[in-house]
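Chemist: Structure provided below as structure tokens; questions to follow.
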Amino acid sequence: MANRIQTAAVLGAGVMGTGIAAHLAGAGVRTYLLDIVPPNLDDKDKANPKARNKFALEAIQKALKSKPATFFDPDVARLVTPGNFEDHLGKLKECDLVIEAIVENLDIKRSLFAKVAANVGPNTLIASNTSGLSIAGMTQGLPEDVQKRFLVMHFFNPVRYMHLLEIIPGPKADPARVEQATKIGEFLGKGVVYGKDTPNFIANRIGTYGLMKTVQLMGQDGLTIEEVDKIVGEPMGRPKSAAFQTADIVGLDTFLHVVQNCYDSLTTDEERDVFKIPAWIAALKQKGNLGRKTGAGFYKKVGEEIHVLDVASGEYRAQNKVRYDSLGSVKNIEDGKEKLKTLVSFDDKAGLFAWKALAHTLIYAAKRLGEISDDIVEIDRAMRWGFNWSMGPFEAWDAVGVEWSLERMKKEGLKVPAWVEEMVKSGRKSFYEGSAADQTQWEVKAKKSQAIKKDPRNISLAALKANKKNIVEENLGASLVDLGDGVLCLEAHTKLNTIDDDVTKMLWRAVQVAEDKFEALVIGNDGEHFGAGANLMLIYMGAQQQEWKMIGDAISQLQGSLQGLRYAKVPVVAAPFQYTFGGCAEIAMAADACQAHAETYIGLVEVGAGLIPAGGGCLRMVERWTGDAQQVDGVDLLQFIGQGSLNIAMAKVATGAEEGKRLRYLAPTDGISLNRSHLLYEAKQRALGMARSGYRPPMPRVIKAAGLDAAKTISMRIWGMVEGGYASAHDAVIAKKVLHILCGGNVAPGAELSEQHYLDLEREAFLSLLGEEKTLARIQSLLMNNKPLRN
């Protein structure tokens, strides 16, 4: 029984089915995407394979054009073979995994599964992506051996980007098959939680309740839609889209289907009426106002403005400014737990509403324990991974204080489940206790603390640092952490992991310490992003004070540190993920190798701030775009330099690691990890593999320059863009400096230059641009408004 799969089939070419097929293909799995034969085909098309496979073919083409991208790499679409249920169910015999993702209709699913059972191989794992239909109902009448390998694998949309995978075992499911599904899910990069065969499982049950309770409370408290979204979004540790914007993104038809399924199925739920769809929301659906996909839902774009639905009139109007003391007070609190605790302690309208919405959701989640899951950790993970909450309900309860909240709930007449009060009476004051290294949860059935199971492939730097012996060295901006097995990790922990003097110093120290005491060095962190580049505020302040020598020295130190990484005597592996911008991209590019997360958005973005890459980014682009051509005498380097210059001049950011390779921010040999939780582990294994297989540092390169004439030729294109209105005069100033660096400066074609020559050109251009008023205006716009300025 293989945990990794070679061939799979997805039945249903809707949004979810296509997303699952694209994700499987991105993991290298050959996948059949099947759907019905279009009804009422003309006689001439009844024997035409393209016509019969129309729905699957069109779904693949639509996915290739979608934004954000459905596929990791458009090229892997070749792994998805379109087909239909009438002609190609025989292909299921080839498949290790079959996932059904058709319409949520029990009778239709039963009919299809009967056909699937007759066509699959004896070892094929069979799964449904249903969002809430009963497994017992879907498997009724299926052979016993099929029921043993049947379960739900509930992906979340969009499949590529949502981490959660809910696995729901069928009533007769073989535990070995559940384990197999788990391994497959982890291989696909998903965070797996186990739920029970109840309507809408875990995340949709709690999340839907939370949103519908918010709607109910809004009516009771007389708040507007825009007020509610300002309260229940980021201030409460939820996504910025909050409640109503999230519904618009998901689509009201999809969301209301889930709500209706709850209302119809949860006949014994004590809060069933919360799921009753209000008339004013039902009216939106009847009008076809289904959210962003139809142009209007709870919000509507009118010209350049986003208007909001007025519940009383049913018409759209301009949004009102939302100002409350509580929201203002928590705006600059960075710690999510402290922010939530502060917000719900306020007694203004926003604070009271936040408390009510939170309290009801906490109690509802606590009441569902044992029904939807036996484990508070599973519920918390489901809400973090499936709804992008920063804290699950029990983590949030701990954040505001369990004892304090219980007392307040009782005063307000809210009924808390007995097990929560029993926990507190036992002397335990929170659902979670201990450090990241030895955290325990409250186990309700056993009525005692229980260690949280750990995945050995999930390296947590926070857990390692809980034991001070693992901290080799640290300063305010970065730490050196012992990962074990002879591997050192450099971790930045500034805001957004930006580069400042402390990080630069630790880059230098990391090489020294690794060469002295370790076999290899990994660069990575536990944060939300690998790093957002240099600290622009420090650069701006230095320029304002005309501290040119200080800035020049800082650039030289960063360049020296990154060259130290490049030529270290031990292998250096970077583990980039999410934002990997500017100087942080230069760190990744300086390493011997990268083990990048699939969702790595990497780019040299300095032009947006009116600057150029000065930590070796221009040098690396020259190396990577002209590398092969450098070995051939007489080759015109112009075309290669042109491609590299576009990356920098247009501040191109890869939409994922695969595109990062095409843009050559990542090397063709760099690894890609689908599972973010395993990224540091896999980077560590890569570093050890290099260290223990005869690693030798690279030799410094001598680079043949494209020369001044190449720079002049490409500059003509820049002039054309300015004349055509596609670029500003200041864009042209920056672009010409980029070309000056990439072509080697004022030298003849083929001149042999050192790496330091290019680094000197980078530093000179960076300092020159900092003296430009328009560059300072661009930096100021980014710092003050978080928006790029075109000037």
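Chemist: Which residues, counting only those in segment 379-390, are open to solvent by less than 20 Å² (accessible area, probe 1.4 Å) and more than 20 Å from V274 (Cβ to Cβ)?
Modeler: Of everything in segment 379-390, just one residue is open to solvent by less than 20 Å² (accessible area, probe 1.4 Å) and more than 20 Å from V274 (Cβ to Cβ), namely D380.
Chemist: Related question: Regarding segment 533-553, can at least one residue be identified that is in contact with a Phe, Trp or Tyr (Cβ under 6 Å, 6 or more places away or on another chain) and of a type in the set (A, V, I, L, M, F, W, C)?
Modeler: Checking segment 533-553: not a single residue is in contact with a Phe, Trp or Tyr (Cβ under 6 Å, 6 or more places away or on another chain) and of a type in the set (A, V, I, L, M, F, W, C).
Chemist: Considering each residue of segment 346-405, count those that are in a helix (DSSP H, G or I), within 20 Å of V420 (Cβ to Cβ) and more than 22 Å from the chain's Cα centre (by Cα), and give that number.
Modeler: 24
Chemist: Considering every residue within segment 36-55, establish whether at least one is outside any helix (DSSP H, G or I) and in contact (Cβ under 8 Å) with a residue 40 or more places away in the chain.
Modeler: yes
Chemist: Just to be sure I understand, how many residues within segment 525-545 are open to solvent by less than 80 Å² (accessible area, probe 1.4 Å) and either over 24 Å from the mean Cα position of the chain (by Cα) or closer than 16 Å to G582 by Cα (or both)?
Modeler: 12
Chemist: Now, a different point. When the residues of segment 678-710 are narrowed to those that are modelled with pLDDT under 95 and either hydrophobic (A, V, I, L, M, F, W, C) or in a helix (DSSP H, G or I) (or both), which ends up farthest from G750 (Cα to Cα)?
Modeler: Restricting to residues being modelled with pLDDT under 95 and either hydrophobic (A, V, I, L, M, F, W, C) or in a helix (DSSP H, G or I) (or both), the top hit is M699.
Chemist: Can you tell me which residue among E586, E659 is of a type in the set (D, E), open to solvent by less than 10 Å² (accessible area, probe 1.4 Å) and assigned to a helix (DSSP H, G or I)?
Modeler: After ruling out the rest, the residue left standing is E586.
Chemist: Then there's this: If the requirement is being in contact with a Phe, Trp or Tyr (Cβ under 7 Å, 6 or more places away or on another chain) and more than 17 Å from I555 (Cβ to Cβ), which of these qualifies: L783, L742, L789?
Modeler: L783
Chemist: Inside segment 26-54, can you point out the residues that are of a type in the set (S, T, N, Q) and under 39 Å from the mean Cα position of the chain (by Cα)?
Modeler: Result: T31, N53.
Chemist: It is to be established whether one or more residues within segment 336-357 are small (G, A, S), within 19 Å of V274 (Cα to Cα) and either in contact (Cβ under 8 Å) with a residue 60 or more places away in the chain or surrounded by fewer than 20 Cβ atoms within 10 Å (Cβ to Cβ) (or both).
Modeler: yes
Chemist: Kindly list the number of the only condition in (1) surrounded by fewer than 24 Cβ atoms within 10 Å (Cβ to Cβ); (2) charged (D, E, K, R); (3) part of a helix (DSSP H, G or I) that fails for D636.
Modeler: (3)
Chemist: If you go through segment 594-610 one residue at a time, how many are assigned to a strand (DSSP E or B) and either under 30 Å from K774 (Cβ atoms) or open to solvent by 10 Å² or more (accessible area, probe 1.4 Å) (or both)?
Modeler: Counting residues in segment 594-610 that are assigned to a strand (DSSP E or B) and either under 30 Å from K774 (Cβ atoms) or open to solvent by 10 Å² or more (accessible area, probe 1.4 Å) (or both) gives 5.
Chemist: Quick test of your reading of the structure: E338 fulfils all but one of (1) over 30 Å from the mean Cα position of the chain (by Cα); (2) within 23 Å of P235 (Cα to Cα). Name the failing condition by number.
Modeler: (1)
Chemist: Something else: Being closer than 30 Å to D197 by Cβ, β-branched (V, I, T) and not in a strand (DSSP E or B) is the requirement here; does V274 meet it?
Modeler: Criteria met by V274.
Chemist: Applying the selection to segment 425-443, what residues are open to solvent by less than 40 Å² (accessible area, probe 1.4 Å) and under 27 Å from E186 (Cα atoms)?
Modeler: Of everything in segment 425-443, those that are open to solvent by less than 40 Å² (accessible area, probe 1.4 Å) and under 27 Å from E186 (Cα atoms) turn out to be F431, Y432, A437, T440, Q441, W442, E443.
Chemist: For R78, all conditions in the list (1) more than 12 Å from A13 (Cβ to Cβ); (2) touching a Pro at 6+ places or on another chain (Cβ under 7 Å); (3) not β-branched (V, I, T) hold save one; what is the number of the exception?
Modeler: Failed condition: (2).
Chemist: Using beta carbons and a limit of 7 Å, which pairs, at least six apart or on different chains, have the first residue in segment 670-699 and in contact (Cβ under 8 Å) with a residue 24 or more places away in the chain and open to solvent by 30 Å² or more (accessible area, probe 1.4 Å) and the second one aromatic (F, W, Y) and assigned to a loop (DSSP other than H, G, I, E, B)?
Modeler: R676/F577; P697/Y567; P698/Y567
Chemist: Moving on to the next point. What are the residue pairs meeting all of these: first residue in segment 405-425, first residue touching a residue at least 40 places away in the same chain (Cβ under 8 Å), second residue aliphatic (A, V, I, L, M) and not in a helix (DSSP H, G or I), Cβ atoms under 6 Å, and 6 or more apart or on different chains?
Modeler: Sorted first by the residue in segment 405-425, then by its partner, the pairs are M409/V416; W419/V444.
The values are calculated or read from the model by the stated rules, or taken from the named source; none is laboratory data. Please read all numbers here as calculations on a predicted model, not as lab measurements. We place every Cβ from the backbone using ideal geometry, glycine too, and count neighbours over all the protein chains shown. All accessible areas refer to the heavy atoms of the entire protein, side chains included, with ligands and DNA or RNA removed. Shrake-Rupley method; radii C 1.70, N 1.55, O 1.52, S 1.80 Å.
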